[in-house]
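Chemist: Once you've had a glance at the structure underneath, I'll fire off some questions.
The values are calculated or read from the model by the stated rules, or taken from the named source; none is laboratory data. The structure presented is a predicted model; accordingly, all values stated were derived computationally and were not measured. Counting neighbours? That spans all protein chains shown, and the Cβs are built from the backbone with ideal geometry, glycine included. Calculation scope for accessible area: heavy atoms of the full protein, side chains included, ligands and nucleic acids excluded. Shrake-Rupley method; radii C 1.70, N 1.55, O 1.52, S 1.80 Å.
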Amino acid sequence: MRNTSRNITVVGATPVGLEVARQLTQRGQRVTIVDDYKADVDKAHAQGFSVEQINLQDDDELRRVGIGGDTDVLFALRNDDASNVFLVISAKAIAPDLPVVSISGSRDTIERLYAAGATKVIDPYRISGYKIYELMHRSVIAETMERTVFGKVDLDIAEVHVEPGSFLHGKYLDELSLDERYDLIVLGVVDRNYGDHLIFATDPRRHRMDAGDVLVIIGPEEAFARFHNDLNAELSGEEAG
Amino acid sequence: MAFSDLAIRFAYTLEESDAYRRAKNAVYDLLENPHARIRPYFDIFMMLLVLSSVFFLLYSVKHHLGAWSGYFEDVVVVLFILEYLGRMWVYDDIHRIIIDEYEKSDLINEPFSLSRALWTLFRSKWNYVSSPMAIIDLLAILPSYRPLRILRLFLLFRLFKLFRYAHSIQQFSSVLREKRLELVTLFSFLMFVLLVGSSAIYLFEARETGGDIDGFFEGIYWALVTLSTVGYGDITPHTLEGRLVTMVLIISGLGVISFFTSIIVSAFQEKMGEVRDRRVSLLLEKKKGYTVICGFGRVGQVVAEYLSRDKLPFVVIDSDEDAVDLARRLGYLAVQGKAERIGLLQTLGVGRSAGKVLCLTGDDVVNVFVTLSTRQLDEEIEIVSRANHHQTVNKLLHAGANHALEPFKIVGLIAGEYVGQPVAFEAIHGIVMGEDDIRLEAIRIPPGSWLDGGTIGDVPLTEMRLILFGVITTLDRSSDHVRSHFDLEDQRFQFNPGADFVLLGEDMLLVFGHQYSVMRLKQKLKRWRWRRKNA
């Protein structure tokens, strides 16, 4: 799941847009950047990005760059909230099922972007503000997270989908004891018995794994490798049998 | 010549005399040293002296006091004089001035001139005598004209340390000075109306022509009373001409007063910002280790929100009026101004009592500049800066920032996660937003508590609905029962420690959990410790 390459369209040759594009390209996704503001486009060119300049208010041009076509995820990352809202609405009108991620400059806009149909809205300022607060007053936590999860690749957070027939299936979370067997900590779970949203796994006895459930797991890379290895071995073993 | 030699020798004797220095220190402690323990008692004594002397003065208006009141007055005056001389004495060191002068002339090989030394000495003492406090002291001593002894009340000014507010007085006078032109115009107009009015009333209402006015002075007095709309009515015009003059005078009086009021009000309104900033720095003076937030944009607002939620003191600087207004509306301390101005940072206590500076403006140039200025003012202060471009991070660290934060990088990281792993993204987003009830929290193990020396297995994690992430220990702790550990700057993070991992005091448990669970475990740790102490 993690390594399949998908088509991403990033709208906005802004600092955020370029950073997102960089991160996604690093992860092996196919990224197209578009913007209609000439100065931003030129600046991005100067930084070595290939950006296409299109008229964002023209639906035909949006279709041409893949919206409603082969684009899998759209990022609306312009600097001003109004044009992000407009873009989300246009994109949703063309392709109602397209996941759209946007950013918002203020708290009120978050609601409006969701109303416009955005799948996920990220508030970069709140995240940064909270981060600064953490740096100052919860420095141990900030340092740990910085060093492990957000830093190099020491600890990964990854999601694991429960397949029918895997050794996860039918077990309660506490029975699995992934922490002892693999050095992996189960952080959260999407338990279809409780709905489709993420629940933090603070009560592992409550959650029985069924097909379609998702686990969010944190742990070192080599532990993941062993875990995936066991999962695949079992699956292919079953297929063979 | 012989006399100047004598003076120099005398000065050196004083310089070397311990007794002299001790005596002077004692007087300094009594009169001036704000930290001396005896000071408050002495101040209260002086206050009582002033109040009782004024009381006797007022009492004697209607009652006859015996001879003892005269003695009391003498004692009071003697004490005041002694205090005045004492202050003058400790104000500077005469012998040091003489020695300095002597050594200076010795250095450039010139004959020592006693007269020049005396002149310096006189100038220095004159500085004291002409200071406002000394003048008030003198006014309290001098009056041999009894009613003027009421001036002694001014001594309370000094005793109550009202001069701390001298700055406000200065501000007041600077307001008046700025409006000098308007005030002078108004004053000339007033004088002119007064002159015309008093001459006219004298002309029409003099005693000789059948009116109430006895002389030109009474004319001026009447004109001023009428002009100011006070209008006692002890002198009233009787003739038609006199009444006409009165009417004109009343109308111009109204004009003068409203004009005067509006000048003063508008002048103060212009100065209001300064007065408010002054108040902010006065409020900050009492605090320690507060945070200075430069830039009240969206990031600054979020930080301020968290700080005020935790009731931590902070002050906001922004050059934009709207941003500062918003901060004030939210009840934060805020100053409008450019954070680049080193003076503003100093006024807000950077380099003294401020503990942290955050440079959060949207302009990297400003952030670097403020970081650098702050680091110059204070070696120890913690600086967190925002880098809006990736290249700025290094510059900020060079300029002395402890942390440089790239808002867009974090967003890039998180947004990148969304594409491959939408569910994991949800978890990470929750953690970095800090808005969910479930958060990553650190729980310190108090030394001597029931967990000090216990194992991970003893922590009631599942019962309390907590997910253990890891344990923070000192760097030198072994990592038995731990498969992965990571070294932080001066601590070690033990990821996913096994149930047999031994905990020690001052270790920190990092857990994910509902804030109530976290709070509950913290309370438990405290209570058990208390119980153990009693046992």
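Chemist: At a Förster radius of 35 Å, what calculated FRET efficiency corresponds to the Cβ-Cβ distance of B:Lys62 and B:Asp234, to the nearest 0.05?
Modeler: Efficiency for this residue pair is about 0.90.
Chemist: In nm, to one decimal, how far is the modelled label at B:Gln515 from the one at B:Leu224, with both set 7 Å along Cα→Cβ?
Modeler: About 6.6 nm separates the two model spin labels.
Chemist: Something else now. Relative to the Cα centre, what is the charge dipole magnitude of chain B, using +1 at the beta carbon of each Lys and Arg, -1 at the beta carbon of each Asp and Glu, and rounding to the nearest 20 debye?
Modeler: 1400 debye
Chemist: What percent do you get for the relative contact order of region B:173-257 when only Cα pairs under 8 Å and 6+ apart count?
Modeler: So the answer I get is 29 percent.
Chemist: On to the next question. Hey, if you put +1 on the Cβ of every Lys and Arg and -1 on every Asp and Glu Cβ in region B:377-425, which of B:Gly420, B:Ile383, B:Phe408 ends up farthest toward the positive end of that dipole?
Modeler: Positive-most Cα among the choices belongs to B:Gly420.
Chemist: Please compute the length gained on full extension between B:Asp500 and B:Asn388, using 0.36 nm multiplied by the number of residues separating them and subtracting their Cα-Cα distance.
Modeler: Going from the current span to full extension adds 35.7 nm.
Chemist: Another question about this same structure. Magnitude of the Cβ-charge dipole of region B:287-405, K/R +1 and D/E -1, about the Cα centre, nearest 20 debye?
Modeler: The dipole of region B:287-405 has a size of about 300 debye.
Chemist: Can I ask one more? Quick one: grab Rg to one decimal and Dmax as a whole number for region B:477-525, Cα atoms only, in Å.
Modeler: 12.3, 32
Chemist: Let me ask another. If I take the Cα coordinates of chain B and project them onto the principal axes, what are the three extents in Å, biggest first?
Modeler: 113, 77, 61
Chemist: I've got another one for you. Across 10 Å bins from 0, what is the distribution of all Cα-Cα pair distances for region B:287-405, in whole percents?
Modeler: 15, 51, 32, 2
Chemist: Quick one: if you stick a label point 7 Å off each Cα along the C-beta vector at B:Ile250 and A:Ala115, how many nm between them?
Modeler: 6.2 nm
Chemist: How many Cβ atoms of partner chains, on average, are near each residue of A:180-188 if near means within 10 Å of its Cβ?
Modeler: Across the residues of A:180-188, the mean count of other-chain Cβ atoms within 10 Å is 4.
Chemist: If you line up the Cα atoms of region A:153-240 on their principal axes, what length do they span on each, largest first, in Å?
Modeler: 34, 32, 20
Chemist: Here is a follow-up. Where both residues lie in the protein assembly as shown, what percent of DSSP beta bridges are antiparallel, nearest 5?
Modeler: Here the share of antiparallel DSSP bridges comes out near 50 percent.
Chemist: Calculate how steeply helix A:81-94 sits against the longest principal axis of the alpha-carbon atoms of chain A, using the helix alpha-carbon long axis, and give the answer as 0 to 90 degrees to the nearest 10.
Modeler: On a 0 to 90 degree scale, this one is about 70.
Chemist: State the extension gain, in nm to one decimal, for the chain segment bounded by B:Lys522 and B:Leu282, taking 0.36 nm per residue of separation less the distance between their alpha-carbons.
Modeler: This chain segment gains 82.7 nm when fully extended.
Chemist: Per residue, how much accessible surface does the protein assembly as shown expose to a 1.4 Å probe? Answer in Å², no decimals.
Modeler: Result: 52 Å² of accessible area for each residue.
Chemist: Do the sum for chain B: with -39,500 (n - 2.57) for every DSSP H run of n ≥ 4, divided by all residues, what is the mean residue ellipticity at 222 nm, to the nearest 500 deg cm²/dmol?
Modeler: The helix contribution divided over chain B gives -19500 deg cm²/dmol.
Chemist: With label points built 7 Å along Cα→Cβ from the Cα atoms of B:Phe216 and A:Asn79, find their separation and express it in nm.
Modeler: Computed distance between label sites B:Phe216 and A:Asn79 equals 7.4 nm.
Chemist: So, R0 is 30 Å and r is the distance between the beta-carbons of B:Val184 and B:Thr261; what FRET efficiency does that work out to, to 0.05?
Modeler: Efficiency for this residue pair is about 0.95.
Chemist: If you don't mind, another one. Can you give the charge dipole size of region B:334-481 about its Cα centre, rounded to the nearest 20 debye, using +1 on the beta carbon of Lys and Arg and -1 on the beta carbon of Asp and Glu?
Modeler: Result for region B:334-481 is approximately 620 debye, rounded to the nearest 20.
Chemist: Next question. Rank A:Pro96, A:Val73, A:Val121 by how far each Cα sits towards the positive end of the charge dipole of chain A (+1 on Lys, Arg Cβ; -1 on Asp, Glu Cβ) and give me just the farthest.
Modeler: A:Val121
Chemist: In whole Å, what are the Cα extents of region B:375-469 along the three principal axes, biggest one first?
Modeler: 48, 42, 20
Chemist: Let me ask something else. If you take the accessible area of A alone, add that of B alone, and subtract the area of the pair, what total do you get in Å², probe 1.4 Å, to the nearest 100?
Modeler: 7000 Å²
Chemist: Please report, as a whole percent, how much of the solvent-accessible surface of region A:153-240 comes from carbon and sulfur atoms (probe radius 1.4 Å).
Modeler: That share works out to 46 percent.
Chemist: Moving to a separate point now. Specify which residue in the list B:Phe493, B:Leu345, B:Gln523 is farthest towards the positive end of the charge dipole of chain B, using unit charges on the beta carbon of Lys, Arg (+1) and Asp, Glu (-1), about the Cα centre.
Modeler: B:Gln523
Chemist: What is region B:437-534 by shape, rounded, prolate or oblate, if you read a ≥ b ≥ c off the alpha carbon gyration tensor as root eigenvalues and call it rounded for a/c under 1.5, prolate for a/b larger than b/c, and oblate otherwise?
Modeler: Oblate shape, in that a/c is at least 1.5 and b/c is the bigger or equal ratio.
Chemist: How big is the antiparallel share of DSSP beta bridges in chain B, given as a percent to the nearest 5?
Modeler: Of the beta bridges lying entirely in chain B, close to 50 percent run antiparallel.
Chemist: Applying 1/(1 + (r/R0)^6) with R0 = 56 Å to the Cβ-Cβ distance of A:Ile199 and B:Arg37, what FRET efficiency is obtained, to the nearest 0.05?
Modeler: 0.35
Chemist: Which of rounded, prolate or oblate describes region A:7-122 when judged by the alpha-carbon gyration tensor and an a/c cut-off of 1.5?
Modeler: rounded
Chemist: Given a 1.4 angstrom probe, I'd like the percentage of the accessible area of chain B that is carbon and sulfur, rounded to a whole number.
Modeler: Carbon plus sulfur share of accessible area: 62 percent.
Chemist: How long are the semi-axes of the ellipsoid equivalent to region B:2-160, from square roots of 5 times the Cα gyration tensor eigenvalues, in whole Å, largest first?
Modeler: They are 39, 17, 13 Å, listed from largest to smallest.
Chemist: What is the distance in Å between the Cα centroid of region B:303-358 and that of region A:135-190?
Modeler: Centre-to-centre (Cα) distance: 39 Å.
Chemist: At a threshold of 8 angstrom on Cα-Cα distance, excluding pairs fewer than six apart, so keeping six or more, what relative contact order does chain A reach in percent?
Modeler: 13 percent.
Chemist: Another question, if that's okay. I'd like the distance separating the alpha-carbon centroids of region A:39-113 and region B:222-294, in whole Å.
Modeler: Taking the Cα centre of region B:222-294 as reference, the centre of region A:39-113 is 60 Å away.
Chemist: Continuing with this model, one more query. To the nearest 10 degrees, how steeply does helix B:216-227 sit against the main Cα axis of chain B, on a 0 to 90 scale?
Modeler: Around 30 degrees separate the two axes.
Chemist: Just in region B:37-114: which trypsin sites (Lys or Arg not before Pro) are loop by DSSP and have at most 15 other Cβ atoms within 10 Å?
Modeler: Passing sites in region B:37-114 are B:Arg37, B:Lys62.
Chemist: Follow-up question, since we're still on this one. Remind me, relative contact order of region B:287-405 in percent, using alpha carbon pairs under 8 angstrom and six or more residues apart?
Modeler: It comes to 24 percent, rounded to a whole number.
Chemist: Per residue, what volume in Å³ does the Cα convex hull of the protein assembly as shown take up?
Modeler: Considering the Cα atoms of the protein assembly as shown, their hull volume per residue is 338 Å³.
Chemist: Quick one: angle between helix A:124-137 and the longest Cα principal axis of chain A, in degrees between 0 and 90, rounded to 10, please.
Modeler: Approximately 50 degrees, to the nearest ten.
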